[in-house]
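Report on the structure given below.
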Amino acid sequence: MKPFRKSIPVCILLLLFACFQESLAEEGKRKRPPLSPQTQACIGCHSRYTPGIVQDWLTSRHAKTTPAEAVKKPPLQRRISVETPPAELANHAVGCYECHSRNPGNHRDNFDHMGFRINVVVSPPDCSTCHPVEEKQYRGTKKPLAGKNLMENPLYHTLVSTINGVKEIRDGKIVTRPPSATTLQESCLGCHGSSVQVKGMKKIKTAMGEITVPDLTNWPNQGVGRANPDGSLGTCTACHARHSFSIEMARSPYTCSQCHLEPDVPAWDVYKESKHGNIFFSKQQEWNFSAVPWVVGRDFTAPTCAVCHNSLIVSPSGEVIAERSHDFGARLWVRIFGLIYTHAQPKSGDTTLIRNKEGLPLPTSLLTGEPASEYLIDKGEQERRRTMMENVCKSCHNTDWVHSHFEKMNVTIKETDAMVHAATTLMEEAWKSRVEDRTNPFDESIEEMWVKQWLFYANVVRYASAMTGAPDYISFKLGWWELTNNLRNMKDMIEMKKVLLKKGQ
Amino acid sequence: MKPFRKSIPVCILLLLFACFQESLAEEGKRKRPPLSPQTQACIGCHSRYTPGIVQDWLTSRHAKTTPAEAVKKPPLQRRISVETPPAELANHAVGCYECHSRNPGNHRDNFDHMGFRINVVVSPPDCSTCHPVEEKQYRGTKKPLAGKNLMENPLYHTLVSTINGVKEIRDGKIVTRPPSATTLQESCLGCHGSSVQVKGMKKIKTAMGEITVPDLTNWPNQGVGRANPDGSLGTCTACHARHSFSIEMARSPYTCSQCHLEPDVPAWDVYKESKHGNIFFSKQQEWNFSAVPWVVGRDFTAPTCAVCHNSLIVSPSGEVIAERSHDFGARLWVRIFGLIYTHAQPKSGDTTLIRNKEGLPLPTSLLTGEPASEYLIDKGEQERRRTMMENVCKSCHNTDWVHSHFEKMNVTIKETDAMVHAATTLMEEAWKSRVEDRTNPFDESIEEMWVKQWLFYANVVRYASAMTGAPDYISFKLGWWELTNNLRNMKDMIEMKKVLLKKGQ
Amino acid sequence: MKPFRKSIPVCILLLLFACFQESLAEEGKRKRPPLSPQTQACIGCHSRYTPGIVQDWLTSRHAKTTPAEAVKKPPLQRRISVETPPAELANHAVGCYECHSRNPGNHRDNFDHMGFRINVVVSPPDCSTCHPVEEKQYRGTKKPLAGKNLMENPLYHTLVSTINGVKEIRDGKIVTRPPSATTLQESCLGCHGSSVQVKGMKKIKTAMGEITVPDLTNWPNQGVGRANPDGSLGTCTACHARHSFSIEMARSPYTCSQCHLEPDVPAWDVYKESKHGNIFFSKQQEWNFSAVPWVVGRDFTAPTCAVCHNSLIVSPSGEVIAERSHDFGARLWVRIFGLIYTHAQPKSGDTTLIRNKEGLPLPTSLLTGEPASEYLIDKGEQERRRTMMENVCKSCHNTDWVHSHFEKMNVTIKETDAMVHAATTLMEEAWKSRVEDRTNPFDESIEEMWVKQWLFYANVVRYASAMTGAPDYISFKLGWWELTNNLRNMKDMIEMKKVLLKKGQ
């Protein structure tokens, strides 16, 4: 088959589009807004070659309205935050070309495709054309910085490399090779995000013949802290998946569950076993996941992740209970994902800046748990954020209930920190008695047990406390039972390794 | 803002209620039954301050009918079991005040709230005003006694304290502090229930100003064996959650799954991987979870927890297959949740009475598995209960299928008891050879492995056998693979600890 | 109650059926096709004695159409593959008797039941009366051979027996008894299938009195590789469950999840945490699981198991993207379920034929991973199958995306094989240094760790790579974290066992 060329007449693409339109008509769909000529050309081919994408987009609001229409809604109902959409976009559906052609000057992945200049990757700045408030909230927070915060923190980077590097046995010893880009991409960076760079151009064979496309590193890629070829950080598609850009999906706890789950960030696992989760699973088919604003008690009868953390929530009478935010830490004051201990949320989304009093890139002292306070939000800011969260709780729970809940959580934070401290004390003994070596604190058996104490078991107990649930989970599955037994096993292992050490000498 | 006072005029509350009514009218809801003046007053404020609760209640049958109407239904369709509802309740919707004002003389949590005497906690005796049959079935069974049975059994209490106490390292030793009320409440007692007592009164700041409320221990609390401030045990809201009091939710396996799950009571995990669960997950959206009575094959096509254990099940032609019961052991004859071994169900819901032949508070001998028969139901009663369960199975399976199923289960019970016996034999050896100390049988490494053998792995295999499913789960995930390897690891650990013991001497 | 006899007059059965018809009429169901007199007789009693089965069948297409009607549909919409249905079946609904009376000469479980000759078990050859294409695709593939491939491979058989046999402690040693048929049936063979043979006839007491029925081994039984009493292998009901024979259920990932799940075949667990799974869980209620053919983007917006592996998929304009196949390996080229290492798919569904260069019944060399190529499909066939799979991916993803995905997977396959090789190297050292004994390679502690390396952890990482998802799962839950730590623990255990060995000498 002879390849298409960039000289391909637009009339042919439009002919293909006509066929597509006919099939749509057959489906008996309601009247749709006009498409730009460029998007018509895209759809002409892609409805044939990647029909799933096109169909997915057809289900989206982007296909069913125009920015000019969207902006007319009353403020609380608006799904678009730009005041005046750019004139050239205002009166067409938001189609392929509208998103994949933004800011070409910044996009190193911009290329000529069938006569059009196209970006492969759509970035948050591109989305900010119509959604500037959301992009601004999101920018600079921990989410878009998730890749950097992991890989440019020397301690975390060591953990990542220790786990993901291929091992060989050489002369009876375990030797770790540096992890491949592939494995990093499939494991840690699958959530955290990695860097999509343009290595050059390449020719590929497609159903339409040979075409030339940018040769990208780490692609496909939907990590929330992705570095984009336009120099920006982050990705909206991590939560607003694929081409339906759906608020329903972003509000679905299944979406959050892709990254926030057992054993290290067990939000999803705790939710599943909580009363809130029970109500969600039993009643979700009666809820309205697409209403804007989201009305407590009417659109949903129990919180999902989005309810507590970032959605615009109003009462049935229209009073705002919580403002929308795409800074997902906006209603969080304490970081229960212990590093190594709990601590107040960091001031900056860039946590690579933090140094504790031992000079380590950690928000707390390794040995004592003392916070690196200058990098963390102060009491006032903590209070402000907790009040925002409490307002959400108070939609359904009385004041005393809510206060008692957070008092309980404070106790649990202290107790889990104490359990981590006990493990760290044993770890110190193991290092001091030389049964293990602290150079790399993550590559020996007792060290592994120590990591599990804070990264898995303590986190699980804290998440369950914060999210009002999962009693059996934190009793026997992955909480107190393990916190307790892990200490004993650490101690037994230290004794046994002392015997081995003595024998080896 | 100036606080409301108990002298707040009812006319103001009713004015607030008028606004609420208007918003309801806007929602275009169908005609609703009249509300009592007291409930109107409650809603006047609470529709503003805790709108989620009010909306939740609006979805309930309590808001849509009156006891007088409910009692008119044909017996099999009735959702209320009182013969004649109290006159003062009969002709209003069942609202806030109707439930939160019952039996004030018994309620130590009764207090003056905006001019009304209110109980914070609603207890089973309160619900029995309209649902006396259900309360009577429930009273005295293992569910309301779940808190007592755990905490007043010295052996189980030791296990609870060993797991949940915060540990410190002192002089190189692990020292366990007594567990906090908070942690007990979030772990074991989250399901089992704890005691809600009135410590006194306290002032709290609310959106309406400062108010005085009872100061309760262990609150919030939805444990099924909760001790209530009116002296009763148990809680209906554990399963009929929050203010929708929904039979749909109580019938949802998600509700049961909050407490009956892996690793110790793996009913939910087994169900998920069973054919019954497969049908539920694939077809639930076509089922009717609210029909009373519940018609096999028409309202559901595979059993959920409630179908087998307690719902009123009838055939499409209206014949009763199984009577409703709120004694959740009514159709159970053997207790496969091994303590330490399987055994016939206890005669009394109060299992603290039981002593085995070694004098331990266990239903079987620790060493031999011999049952403490005088405390357990006899063969005749076992047979009677199994027949009730088999009748449910026979709705969809022929007699031979059902018999073969339960014969298989009997074999599995014996085999898992044998696997526990093997572990107990090794445990005895560890205790006798002094590598571990039996004083507290739960606080050392080999003891932990022994607990896992009966509490986790054997239970998993038995539940899968009883519930017709989960072959891979009991092969590799948490069953035979672990039962087998755990024995080896126990044996290896005994040998290693002998070396340590010798070295220490 | 006096037992029914085979002389029971058909008129009585038909009278019972009349009552049933009346109840149906009451339900206001639409016009149904005629039933054969035999099926009317079955339903006459069974609507009373096993109403759930009858109701389930009433929901099926078998109850709503006739083969003669079904065969009239345009080819792509057809759910029946016989060209001309047998005359005696063509014009009735497909009822009890139509399926349970096929090929009586082959069925050793055929018996006289109330005057009719009935087979207890319905086998794939019975279904092939109307679905010959599907049965032919299925026959001889790994699915119907799953029981044989497990139990007649000496190595796998040893693994099965080692895990599932009851253990006793005799003279301080762990002694394994051969596993019972019951436990095999509930564990490994629950999925793989076992042999249903007729031991003779037996009398059983039923609600209708004493009747005589075949006495079957291993029954009930829905394992996919079941050996049937007519001499055939396999079972359709493993996926098309019970009497609704539903394509919706067979397409539901919940169905596949009964057997393909963590820790050894973690397809389901990976799917749940993937973007594809996220879309399924968030959007499934809007999908159409019953449409034939299945239209990408319209009937579903993300793949389920069936989409990728065997369903007939077409584009919205009606072009076939993938043909239906009941050979579930038809679109698979590499076997990522490592035995011990990954390898090209076997040529024959009967994998008991395979011998590696060491003479072991494995598709790869134990020590080097070298494939037993003569038993495996060649490069050309691999290419052909991968192209079929890629065509499915390309419905929604562009060519470069798809290629990059499979390139990544190739890297992961190599890396996980290397991680298995490292464990095997340590295992070899353990065997050589005699700390464990290779006679049974599955019955000691280090051997158990070695099995976990390839059967659990490496598989998990490969499945996640293949299925585009589950980054956290393979980082911390059951992938690289475990692959890495397991090696260290193996090494530590070897050192410790050397101390024990020395001490024992």
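Below, the figures for the structure above:
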{"read-out": "Dipole of the protein assembly as shown, positive direction: furthest Cα of C:ASN391, B:HIS260, C:THR416, with charges on the beta-carbon", "value": "C:ASN391"}
{"read-out": "Interface residues in the range C:394-442 - accessible area drops by 50 Å² or more relative to the isolated chain, probe 1.4 Å", "value": "C:CYS396, C:THR399, C:ASP400, C:TRP401, C:LYS408, C:GLU415"}
{"read-out": "On Cα atoms only, tilt of C:10-26 relative to the major axis of chain C in degrees", "value": "80"}
{"read-out": "Reciprocal mean inverse distance between Cα atoms of the protein assembly as shown - Kirkwood radius, Å", "value": "34.6"}
{"read-out": "The range B:247-502: antiparallel DSSP beta bridges as a percent of all, rounded to 5", "value": "70"}
{"read-out": "Mean-position separation - Cα centroids, the range C:73-118 and the range B:232-307, in angstrom", "value": "36"}
{"read-out": "Rounded to 5, percent antiparallel among DSSP beta bridges of the protein assembly as shown", "value": "85"}
{"read-out": "Test item: Cα-centred dipole of the protein assembly as shown, Lys/Arg +1 and Asp/Glu -1 on Cβ, debye", "value": "1340"}
{"read-out": "28 Å Cα-Cα threshold exceeded, pairs from C:LYS136/C:LYS452; A:LYS502/C:LYS432; A:LYS452/B:LYS167; A:LYS173/A:LYS432; A:LYS143/C:LYS452; A:LYS452/A:LYS498", "value": "C:LYS136/C:LYS452; A:LYS143/C:LYS452"}
{"read-out": "Gyration tensor (Cα) of chain B, equivalent ellipsoid semi-axes in angstrom", "value": "45, 31, 19"}
{"read-out": "Dipole in debye (nearest 20) - the range A:247-502, about Cα centre, beta carbon charges: Lys, Arg +1; Asp, Glu -1", "value": "200"}
{"read-out": "Of all DSSP beta bridges in chain C, antiparallel share, percent nearest 5", "value": "85"}
{"read-out": "In degrees, nearest ten, helix C:37-49 long axis to first principal axis of chain C (Cα)", "value": "70"}
{"read-out": "Hits among lysines - C-alpha to C-alpha of A:LYS202 under 23 Å, sequence gap 8 or more where chains match", "value": "A:LYS2, A:LYS6, C:LYS394, C:LYS408"}
{"read-out": "Convex hull of Cα atoms in the range A:344-394, direction-averaged projection (nm²)", "value": "4.1"}
{"read-out": "Length added when fully stretched, B:GLU83-B:ARG177, from 0.36 nm per residue minus Cα-Cα", "value": "28.6 nm"}
{"read-out": "Chain-alone versus full-assembly comparison, the range C:171-187, residues with accessible loss of at least 30 Å² (1.4 Å probe)", "value": "C:GLY172, C:ILE174, C:THR182, C:THR183, C:GLU186, C:SER187"}
{"read-out": "Helix-only mean residue ellipticity at 222 nm for chain B, each DSSP H run of n ≥ 4 adding -39500 (n - 2.57), per residue, nearest 500", "value": "-12000 deg cm²/dmol"}
{"read-out": "Global form of the range B:247-502, assessed from the alpha-carbon gyration tensor, a/c cut-off 1.5", "value": "prolate"}
{"read-out": "Protein heavy-atom accessible area occluded, B/A pair - total, 1.4 Å probe, Å²", "value": "5600"}
{"read-out": "Residue-level accessible surface for C:VAL451, protein heavy atoms, 1.4 Å, Å²", "value": "0"}
{"read-out": "Residue-normalised accessible area of chain B, given per residue in Å² at a 1.4 Å probe", "value": "40"}
{"read-out": "Most to least accessible of B:LYS167, C:LYS379, A:LYS408 (protein chains only, probe 1.4 Å)", "value": "C:LYS379, A:LYS408, B:LYS167"}
{"read-out": "C-alpha center-to-center spacing [the range B:311-361, the range B:464-505] in angstrom", "value": "29"}
{"read-out": "Shape of the range C:432-484, Cα gyration tensor, a/c cut at 1.5", "value": "prolate"}
{"read-out": "Rounded to the nearest 10 Å², the accessible area of B:GLU429 at probe 1.4 Å", "value": "60"}
{"read-out": "At 7 Å out from Cα toward Cβ: B:ARG78 inter-copy label distances (nm, ascending)", "value": "5.8, 5.8"}
{"read-out": "Complex-versus-alone comparison for the range B:277-306, residues with a loss of 20 Å² or more in accessible area, probe 1.4 Å", "value": "B:ASN278, B:ILE279, B:PHE281, B:SER282, B:LYS283, B:GLY297, B:ARG298, B:THR301"}
{"read-out": "On Cα atoms only, tilt of C:154-164 relative to the major axis of chain C in degrees", "value": "80"}
{"read-out": "Nm distances between copies for B:GLU383, ranked from closest, using label points 7 Å along Cα→Cβ", "value": "7.2, 7.2"}
{"read-out": "B:MET201 accessible area, 1.4 Å probe, all protein chains in place, Å² to nearest 10", "value": "110"}
{"read-out": "The range C:90-142: C-alpha pair distances exceeding 18 Å, %", "value": "38"}
{"read-out": "Carbon + sulfur, % of accessible area of chain C - ligands and nucleic acids excluded, 1.4 Å", "value": "55"}
{"read-out": "Global form of the range C:123-251, assessed from the alpha-carbon gyration tensor, a/c cut-off 1.5", "value": "oblate"}
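The values are calculated or read from the model by the stated rules, or taken from the named source; none is laboratory data. In this text the structure is predicted, and so the values were computed from the model without any measurement. Backbone-built Cβ (ideal geometry, glycine too); neighbour counts: all protein chains shown. The area values use the complete protein model at the heavy-atom level, side chains included, leaving out ligands, DNA and RNA. Shrake-Rupley method; radii C 1.70, N 1.55, O 1.52, S 1.80 Å.
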